[in-house]
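Notes for the one structure printed next.
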Amino acid sequence: MDFTGQGVLVTGASRGIGRAVALRFAQHGARVAVHCQSNREAAEETRALLPGTGHVVLQADLADAEAVRQMVDDAVSGLGRLDVLVNNAGIYEEHCLADVSYEEWQAAWRRTLDVNLIGAANVTFCATRHMISLGGGRVVNVSSRGAARGEPDYPAYGASKAGLNSMGQSLAQALAPHNVYVTTVAPGFIETDMTAELLQGESGRRIREQSPLNRAGLPDEIAYVVAFLASAGAEYSTGTIVDVNGASYLRS
Ligand code: NAD
């Protein structure tokens, strides 16, 4: 995989999967825009880890459409060009129907959809406008196993990721005439801050047992597939959703 000379924007790259994705692309020659919501210090730490030069750090709340537009414009001017967008940022907030109030329920759905789905849709709009004018590009969405398997305690999250899957499929069809290729990765449980608590103790043991590998995945195991899908040669995979879940949930 060679991304030399390419500009890559990774949302939510201050930590976790996003940081691993930023690292992967930089290792393969790309200049990376490391986006964060508010933790600029952590995003700067990500940038410091990246080999090569020309990387930039950008801040925006993905639930704020105007901030998203500015962030993407800054990514394009900071990198000089934008070839790849990785929609990685996301939130995972518990809201068990039987336990929360109606107000809490609505707030969880609103927040989750605003960031995970509408935020990603807005970043994609702004980024692919640049790609179209450049003659092409790639979008890789980070979805979740939960979109297909169900998320009983995080239903808005499951729905947001199912929406992201569908968005990726529709945009793969819409943007192919512009040489913009859109794919999706659906991780199972990965060891990050997002899942740190769940992966402890008895719940961690049960989660690891879901996979015949008897472990959770590592951030770079997602980053590897993201980079592959964005690489030259993967064009005909446009529209695909790739499960990366250690055989914990199989479908055909
Ligand atoms: P993480 O919590 O470590 O990282 C998520 C990132 O998204 C953070 O950098 C955070 O700042 C950013 N973010 C959250 N809300 C934002 C907002 N409003 N505006 C801008 N940025 C915002 O989580 P992670 O485990 O690295 O997850 C990365 C992606 O992978 C997410 O989309 C998540 O849903 C998905 N995923 C993770 C797992 C897992 O087990 N860790 C499994 C399936 C899918």
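The values are calculated or read from the model by the stated rules, or taken from the named source; none is laboratory data. Computed from a predicted model, the values in this text were never measured in an experiment. Neighbour counts run over all protein chains shown; Cβ positions are idealised from the backbone, glycine included. For the accessible areas, the whole protein counts, side chains as well, though only heavy atoms, and no ligand, DNA or RNA atoms are used. Shrake-Rupley method; radii C 1.70, N 1.55, O 1.52, S 1.80 Å.
Using Cα-Cα distances under 8 Å and only pairs 6 or more residues apart, what relative contact order does segment 90-238 have, in percent?
23 percent
Give me the extension gain from Arg81 to Ser170: residue separation times 0.36 nm, minus the current Cα-Cα distance, reported in nm with one decimal. Display every interim value, and only then the final one.
On the way: separation 89, 0.36 × 89 = 32.04 nm, distance 2.47 nm.
Taking 0.36 nm per residue and subtracting the Cα distance, the gain is 29.6 nm.
Using modelled backbone amide H atoms (1.01 Å from N, in-plane), which distant-in-sequence or interchain residues come within less than 5 Å of Gln59's amide H?
Residues meeting the criterion, in which the H sits 1.01 Å from N, are Cys36.
Can you give the extra length, in nm with one decimal, that the chain gains between Ser133 and Leu198 once fully stretched, where that is 0.36 nm per residue apart less the Cα-Cα distance?
Values: separation 65, 0.36 × 65 = 23.40 nm, distance 4.35 nm.
Roughly 19.1 nm would be gained on extension.
Got a sec? Which residues in segment 1-42 would a label at Thr53 touch, if it sits 7 Å along Cα→Cβ and we count backbone N under 19 Å?
Counting backbone N atoms under 19 Å from the label point, the list is 3-8, 26-34.
Quick one: angle between helix 40-49 and the longest Cα principal axis of the chain, in degrees between 0 and 90, rounded to 10, please.
That works out to roughly 60 degrees.
Could you give me the percent of Cα pairs per 10 Å distance bin for segment 191-246, shortest bin first, beginning at zero and ending with the bin that holds the maximum distance?
21, 41, 25, 13, 1
Tell me, in nm to one decimal, what length is gained between Asp64 and Leu97 on full extension, where the rule is 0.36 nm per residue of separation less the Cα-Cα distance?
Extra length available between Asp64 and Leu97 comes to 9.2 nm.
Which value, in debye to the nearest 20, gives the size of the charge dipole of segment 7-244 about its Cα centre, when Lys and Arg are +1 and Asp and Glu are -1 at the Cβ?
So the dipole magnitude of segment 7-244 works out to roughly 760 debye.
So for segment 7-244, what are the equivalent ellipsoid semi-axes in whole Å, largest first, each being the square root of 5 times an eigenvalue of the Cα gyration tensor?
27, 19, 18
Out of Gly52, Asn87, Pro219, whose Cα points farthest toward the positive end of the dipole of segment 7-244 (charges: +1 Lys, Arg; -1 Asp, Glu; placed on Cβ)?
Checking the options against the dipole of segment 7-244, the answer is Gly52.
Between beta-carbons, use under 10 Å as the cut-off and find the net charge around Asn39, counting Lys and Arg +1, Asp and Glu -1.
Overall, the nearby charge balance is -1.
Rank these by accessible area, largest first, 1.4 Å probe: Met167, Met131.
Result, largest first: Met167, Met131.
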